1. Helix-only estimate, please: 222 nm mean residue ellipticity of the chain, summing -39500 (n - 2.57) across DSSP H runs of length 4 or more and dividing by its residues, to the nearest 500.
2. Once the chain is represented by equal point scatterers at the alpha-carbon sites, with solvent omitted, what log10 I(q)/I(0) does the Debye formula produce at q = 0.08, 0.13 Å⁻¹?
3. Roughly how big is the chain's charge dipole about its Cα centre, with Cβ charges of +1 (Lys, Arg) and -1 (Asp, Glu), in debye to the nearest 20?
4. Have a look at the stretch 112-154 and give its Rg and Dmax from the Cα atoms, expressed in angstrom.
5. Starting from the 7 Å offset along Cα-to-Cβ, what nm value, one decimal, do you get for the label separation of ASP71 and MET142?
6. Once the Cα gyration tensor of the stretch 308-394 is found, what semi-axes does its equivalent ellipsoid get, as square roots of 5 times the eigenvalues, in whole Å, sorted largest first?
7. Arrange ILE303, ILE90 by Cβ neighbour counts within 10 Å, fewest through most, would you?
8. Using the beta-carbon distance between ARG99 and ASP307 and R0 = 41 Å, what value does 1/(1 + (r/R0)^6) give for FRET efficiency, to the nearest 0.05?
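A short reminder: the numbers here are calculations on the coordinates, not readings from a lab. What you see is a predicted model, and the numbers here were worked out from it, not measured in a lab. Reconstructed Cβ throughout: ideal geometry from the backbone, glycine too, with neighbour counts over all protein chains shown.
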Amino acid sequence: MADEGPISQGRPWAELPRELADHMRPHLDAVADDMIQEIQARVREYDRPGDGSYSGTLRLAVERVLHYFVDRVADPGHELTSVNDFFRAIGRGEAGEGRSLDAMQTAMRVGGMIAWRRIAEGAANEDVSSRMLGAVGEALLMFQDELAAAAAEGFAQAKAAVAGEMQRRRQRLLELLLSDPPAAPEAIADLAAAAHWPVPRTIAAVALGRQDARQSAFPPDILADLTRRTPSLIVPDPDGPGRAKLVDRALSGTLAVVGPTVPLAEAGRSSAWARKTLGLVRRGVIEADTGVIRSVEHMSTLILFQDEDLITSLAALRLEPLAHLRASQQDRLAETLLAWLQSGRNANEVAMRLHVHPQTVRYRLRQLEELFGDQLLDPDLRFDLEIVLRARALLADNPGEHLIPPAREAVGDSAEIVSFRRS
């Protein structure tokens, strides 16, 4: 019959004679003693002479492994659940103690080496065939792999549970920091300690435009909650050395707005400005083609749009002279007036800004003089005009958003309705 290979069903256990178990049972206590002595000698973490409970647990584990192995030799179909559950519990315990599985895996290798040494000695005395000895060795290695896999599974389960609980604490902390009114400093400090989050002096809140950001990509000191209506982050010490570049890398490829740096107690204010900025980005008022967006770089725009009812009312008042013009006329004259105000009322500079002939600029300026009259001589009114015209320009690419009432019925067909007057 052809050899089915080491991973075929039933191998190598089915090849072991059942009576082999009877030869092994009388020696299990001695083998257990040898294993424990060698494990404690080679694995420092398991050498705890003053800890009787730990030594008892080690002996229990070794004896359970040996007895299960022999029982399986006697019956290849022997139920596997109990010993696997035992090693899953060991894996969970190692995770709970904050240790890795390295020590346990080393102990298993040492124990397997001792078991194989005793098996080899017995095989020499009993004149066991090399084929049979090979099957026993293969069974021993497979058994070790099964137990190691069970321990790793328990370890991973415990780690996932701990990580999940830690993430829930960090999300609750973020919620607390962004609450309005602000939470008490004591409550923040207690939850920060439970979440293993060092409390910083300053933070910046981040508003994310999409929920496809990968939380695992954020540095561990950044609090994150991607389940909020506006997915949010809190970045500690945002102005520290190298922090800006770190944040940019973490948020690469994600629409993200970083709010202003504030004291920890004012995290809600930073978040509010980040969300306000994000709203203006989505409307196209603020361009989003430069990577991570920082609110502090758009403060004047944020001020303009802080109270849109107020700016709309001011626009209706100050730009009323343009209200009876066609939309195209409004656009040309509003653009010219804003450029004139921004360039110190210099017609030649306005022409360069708008890429039109200076004579055209002077023509439009005379139209504006006819429309606005003495308002253009009043510095306070000019200030109001620049405010509303800046806001209007920011909304220029957004269909349906206006800071001048809709154009009325046109007066004639002329695109420039005010007569040109030479200077």
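1. Values: 15 runs with 238 residues, N = 423.
-18500 deg cm²/dmol, from helical runs alone.
2. With no solvent term, the Cα-only Debye profile gives -0.69, -1.07.
3. Numbers: 49 positive and 61 negative charges, 365 e Å.
Computed charge dipole of the chain: roughly 1760 debye.
4. Computed over the Cα atoms of the stretch 112-154, radius of gyration and Dmax are 12.5, 41 Å.
5. That separation, rounded to one decimal, is 1.9 nm.
6. Equivalent-ellipsoid dimensions as semi-axes: 20, 14, 13 Å.
7. Details: ILE303 11, ILE90 19.
Fewest to most other Cβ atoms nearby, the residues stand as ILE303, ILE90.
8. Numbers: r = 58 Å, r/R0 = 1.41.
With R0 = 41 Å, the Cβ-Cβ based efficiency is 0.10.
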